[in-house]
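Contents: one structure, followed by commentary.
The values are calculated or read from the model by the stated rules, or taken from the named source; none is laboratory data. Just so it is clear, the model here is predicted, and its values are computed rather than measured. We place every Cβ from the backbone using ideal geometry, glycine too, and count neighbours over all the protein chains shown. Areas reflect the complete protein model, heavy atoms only, side chains present, ligands, DNA and RNA absent. Shrake-Rupley method; radii C 1.70, N 1.55, O 1.52, S 1.80 Å.
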Amino acid sequence: MSVYSGTIVRALFVCGLSTGCGYGAASAQAPAEAQGAAAAGEAVFEEIVVTANKRSQSILDVGATVNAVSAGDIQQRRIEQITDLVGQLANVDVKDNSPGVLPVVTIRGVGLNDFSATNSPSAGVYVDEVYLSSLALMNTDFFDLERLEVMRGPQGTLYGRNSTAGAVNVISARPSTDAFSGRVAAGYGNYNTLDIEAMANLPVTEEFAVRLSAKKIDQAKGFFHDLSEQDDVGERDVTLGRLQTLWTPTENFEALLKLEGQRTRSEVGAGEFFGALPNGSASCPGSQQCTDFLGYSDSDGDPYTGDWSVDPTYNVDQLSATLRLEAMLGEVTLTSVSGFIDFERQWGADTDGTPFRQTDFIERDDIQQFSQEVRIAGDTGNASWITGVFYSVDDVVGRYDGNLQDLFNTTTLTLWDQTSKSAAGFGNVDYRLTDTLTVIAGLRYTWERRQNTGENIDLVSLAPGSGLSMAPYGMGPVTLAAIDMAISDKNWSWKLGLNWSLAENTLVYASVSKGTKSGGFFSGVATNPGQLKPYSPETLIAYEVGAKYRARSFDVSTSLFYYDYQDVQTFIRDESGGLPIQRLGNVDEAEIYGADLTASWRPAWVEGLTLSAALGLLDTRLGAFSSSAGVVPAGNELPNAADVSSTLGVDYRHELTGDWALNVQAEARYAGAMYRDSLNDPLIASDAYWVFNSRLIVSSNDGWAIALWGRNLGNKRYVTQGVNQLALGYGYRVYGAPRTYGVSVSKEF
């Protein structure tokens, strides 16, 4: 991060702690301004209701930075996967470790830069209140949602472990007993992409309703082209279905059951190769024109074209069930949420990006997860409170089949079997000191245990003195590294906050909170036992001040924050064994300064126009840590943490003749330069970039909508991830999706 931008962040932070930067004076005039807006007939911003605190509240009453995306915006903006959130939010980065697989969510510079199925994300993802325990579960497509919520900062009190970065709530649209409703939609885009979605809400009786939802994605042509096979790579074939039933036998009880399935028969993309050795006039190492140790180079200049040697098959079969029971017991509400997930996956990774079998892997995962939360909430006098207990168990079994024949004359086998159990008790209270002042206090105690059994085996199958173990010819498999260990942790998470309602439409807040992310085990390829040692839990204490203001035509939210980050879990390069690897380790400390600002405006002088903008500023600094290259001094930036990020949006609605209306929407996303690992390796860093999207929508009052849409209209090529393995002769970079566009038609009933 530049010295200039770092100074700006610190200045904003000090300003917010001292005087609010004049915000209080502006807010005092808000009621009069709102009345003037009403008289002028300006468009009104509707109230946004969220469940960030596990109860329904206006977003203006939540003393934290929360972003909500409605069902309509999800559909119009084509937010189809968690990676699509990056186009909507500043200070948020979502990337794929490999194209189309393993998304990593980073919020305000905090995120887990890992690919292991045995690990949990730093930004907790909750689907209908059920926590997704493994990174492997993050690859799913959204459909028939009510809204998305993104909460920034540690959410340890109400959401528990593994939410040091924040939390993402994915909330499905519920069945309704009111009336029949339905929706069908179909679209076609470039790369021969067909998508179909349907929903039907069926009120069977006054007490019982069923909601059926389904989605089909068929992308017949991938973004990538394999020159070796003269074939496209990256095809998608995804089928999703959901059945929900809602039973409300009395006005004081409801039971909501959800059954959901996913079947994926797709392909993953591949990274762009770069080499280590000089080749003509190329600047080496790090250029595509440089060669690896076997003489390969990639000189076509196209990041979506290459020569790869791994079967790109990506198969997923998942079934899940959620049962939510809620009962009104006098003055309190009792809620039970039970969740079960059964997940199987197979996918291939060509981590050398070449036609040679140097470090090629096929991974298979089998995950089963069960969780149970019971909570009780109510209002007593001036206090709104919630308390509860939580329990979960998940089992992750998997294997890597490694093909290293052309580099090490061998194949490898990596196995893991991990069982995690967690239990917690929690409580939170909002106490109204006065009509305008509320104090918030929350506390959570968590116990967790992880048992991991794993080993890395050199199969020594091809030649004398072969393999990573350099074993004699004819010798049987050699275990390079093995582990059979359990780790446990007990910790407290907490929050203290103060909300000040200056007026009905104005909130100023301050908070300090602590969150913890579990320790765990690295499950990748290792060549000595030390590379499998467990990493420790990380903790984060967040200090935040902020303000929210909503007039009839203007909506603004701003926050300033400082993070004291300890035992940071981050990806480091380890060359201590025969094969250099990237694995998780801990850095003693880090600190983060930052600011968030979002604003929307509907000017009275242009009917139907909405303007929106968001700005994120970050200054991140890692403490000193050891790597295979020696001690890295303090001062490196955290991975995936751009110093500046922003979004801009325009939405113009014009009433046409009859019952039809036209919407013109455009949005831009800017991300500043950022590193992709804790070593701040410039070879795999991302340059600053802009991405532009737009949509043209014609809709009718009777439910028809026709849309033309385009993403990454400038066809910008930008790096989202990278791996540097120059010690083996190569590395690769992952790029964001190229330009896509299409048309869709939908009908609501």
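Any chance you could count how many residues in region 288-309 are buried (at least 21 other Cβ atoms within 10 Å of the Cβ) and either assigned to a strand (DSSP E or B) or of a type in the set (A, V, I, L, M) (or both)?
Looking only at that region, the number is 2.
Which residues, taken from region 257-288, are more than 31 Å from the chain's Cα centre (by Cα) and touching a residue at least 24 places away in the same chain (Cβ under 8 Å)?
So in region 257-288, the residues more than 31 Å from the chain's Cα centre (by Cα) come out as 276-285.
Selection gives Ala276, Leu277, Pro285.
For region 533-555, indicate whether the set of residues that are more than 30 Å from Gly402 (Cβ to Cβ), out of contact with any helix residue (DSSP H, G or I) (no Cβ under 7 Å at 6 or more places or on another chain) and of a type in the set (Ser, Thr, Tyr) is non-empty.
yes
Within the bounds of region 560-577, is there any residue that is at pLDDT 95 or above, over 21 Å from the mean Cα position of the chain (by Cα) and surrounded by fewer than 17 Cβ atoms within 10 Å (Cβ to Cβ)?
Checking region 560-577: at least one residue is at pLDDT 95 or above, over 21 Å from the mean Cα position of the chain (by Cα) and surrounded by fewer than 17 Cβ atoms within 10 Å (Cβ to Cβ).
What are the pairs, 6+ residues apart or on separate chains, where a residue within region 88-106 that is open to solvent by 20 Å² or more (accessible area, probe 1.4 Å) has its Cβ under 8 Å from a residue that is in a loop (DSSP other than H, G, I, E, B) and of a type in the set (D, E, K, R)?
That search, which allows pairs on different chains as well, returns Gln88/Arg77.
Does Val168 qualify as being open to solvent by less than 60 Å² (accessible area, probe 1.4 Å), under 30 Å from Gly109 (Cβ atoms), in a strand (DSSP E or B) and not hydroxyl-bearing (Ser, Thr, Tyr)? Talk me through it step by step, then tell me what you get.
On the way: open to solvent by less than 60 Å² (accessible area, probe 1.4 Å): yes; under 30 Å from Gly109 (Cβ atoms): yes; in a strand (DSSP E or B): yes; not hydroxyl-bearing (Ser, Thr, Tyr): yes.
Here the answer is yes, as Val168 does meet what is asked.
Looking only at region 419-448, filter to residues that are closer than 30 Å to Tyr509 by Cβ and among the acidic types (Asp, Glu); which one of those is least open to solvent (accessible area, probe 1.4 Å)?
Asp430
I'd like to verify a number: residues in region 107-151 that are open to solvent by 10 Å² or more (accessible area, probe 1.4 Å), in a strand (DSSP E or B) and farther than 21 Å from Lys421 by Cα, how many?
Qualifying residue count, region 107-151: 4.
Being part of a strand (DSSP E or B) and under 23 Å from the mean Cα position of the chain (by Cα) narrows it down to one residue among Arg669, Arg695; which is it? Quick ask: steps written out before the conclusion?
On the way: Arg695 fails: under 23 Å from the mean Cα position of the chain (by Cα).
Exactly one of Arg669, Arg695 is part of a strand (DSSP E or B) and under 23 Å from the mean Cα position of the chain (by Cα), namely Arg669.
Which fully enclosed strands (runs of 3 or more DSSP E) of region 526-641 have 2 or more residues being of a type in the set (Gly, Ala, Ser)? Show your work before the answer.
On the way: elements: 538-550, 554-574, 581-601, 609-622, 625-627, 630-632.
By residue number, 538-550, 554-574, 581-601, 609-622, 625-627.
What do you reckon, is Leu194 in a strand (DSSP E or B), open to solvent by less than 30 Å² (accessible area, probe 1.4 Å) and not polar (S, T, N, Q)? Spell out the reasoning first.
On the way: in a strand (DSSP E or B): yes; open to solvent by less than 30 Å² (accessible area, probe 1.4 Å): no; not polar (S, T, N, Q): yes.
No.
Can you tell me which residue within region 607-647, out of those that are hydroxyl-bearing (Ser, Thr, Tyr) and more than 19 Å from Ala685 (Cβ to Cβ), is modelled with the lowest pLDDT?
Residues of region 607-647 that are hydroxyl-bearing (Ser, Thr, Tyr), as a first pass: 610, 612, 620, 626-628, 645-647.
Then keep just the ones that are more than 19 Å from Ala685 (Cβ to Cβ); that gives 610, 612, 626, 628, 646-647.
Details: Thr610: 95, Ser612: 96, Ser626: 79, Ser628: 69, Ser646: 97, Thr647: 97.
For region 607-647, the residue satisfying everything is Ser628.
I need the full set of residues from region 502-513 which are crowded, with 22+ Cβ neighbours inside 10 Å and either closer than 21 Å to Asp567 by Cα or modelled with pLDDT under 90 (or both), in order please.
The one that is crowded, with 22+ Cβ neighbours inside 10 Å and either closer than 21 Å to Asp567 by Cα or modelled with pLDDT under 90 (or both): Ser513.
Out of region 397-418, which residues are surrounded by 17 or more Cβ atoms within 10 Å (Cβ to Cβ) and assigned to a strand (DSSP E or B)?
Taking region 397-418 as the starting set, the residues that turn out to be surrounded by 17 or more Cβ atoms within 10 Å (Cβ to Cβ) are 397-400, 402-412, 414, 416-418.
The answer is Val397, Gly398, Arg399, Tyr400, Gly402, Asn403, Thr411, Thr412, Thr414, Trp416, Asp417, Gln418.
Take Tyr188 and decide whether it is closer than 30 Å to Asn428 by Cα and open to solvent by 10 Å² or more (accessible area, probe 1.4 Å).
On the way: closer than 30 Å to Asn428 by Cα: no; open to solvent by 10 Å² or more (accessible area, probe 1.4 Å): yes.
Answer is no for this residue.
Quick test of your reading of the structure: Asn252 fulfils all but one of (1) out of contact with any Lys or Arg (no Cβ under 6 Å at 6 or more places or on another chain); (2) over 30 Å from Leu319 (Cβ atoms); (3) modelled with pLDDT under 95. Name the failing condition by number.
(3)
Residues in region 310-325 that are open to solvent by 50 Å² or more (accessible area, probe 1.4 Å) and modelled with pLDDT of 95 or more: how many? Explain how you work it out, then say what you get.
At the first step, the residues of region 310-325 found to be open to solvent by 50 Å² or more (accessible area, probe 1.4 Å) are 311, 317, 319, 323, 325.
Next cut, modelled with pLDDT of 95 or more only: 317, 319, 323, 325.
Number satisfying all stated conditions: 4.
Of the conditions (1) farther than 28 Å from Gly722 by Cβ; (2) in contact (Cβ under 8 Å) with a residue 24 or more places away in the chain, Ile196 fails just one. Which one is it?
(2)
If we scan region 344-360, do we find a residue that is under 30 Å from Gly425 (Cα atoms), at pLDDT 95 or above and in contact with a helix residue (DSSP H, G or I) (Cβ under 9 Å, 6 or more places away or on another chain)?
no
Please name all residue pairs, on different chains or six or more residues apart, with Cβ atoms under 9 Å, provided the first residue is in region 36-59 and is within 30 Å of Val130 (Cα to Cα) and the second residue is at pLDDT below 80 and not aromatic (Phe, Trp, Tyr).
So the pair list comes out as Ser58/Glu47; Ser58/Ile48; Ile59/Glu47; Ile59/Ile48; Ile59/Ala52.
Kindly list, by first and then second residue, each pair from a residue in region 387-401 that is among the small types (Gly, Ala, Ser) to a residue that is open to solvent by 40 Å² or more (accessible area, probe 1.4 Å), limited to pairs with Cβ atoms under 7 Å and residues at least 6 apart or on different chains.
Gly388/Val374; Gly388/Ile376; Ser392/Phe370; Gly398/Arg364; Gly398/Asp366
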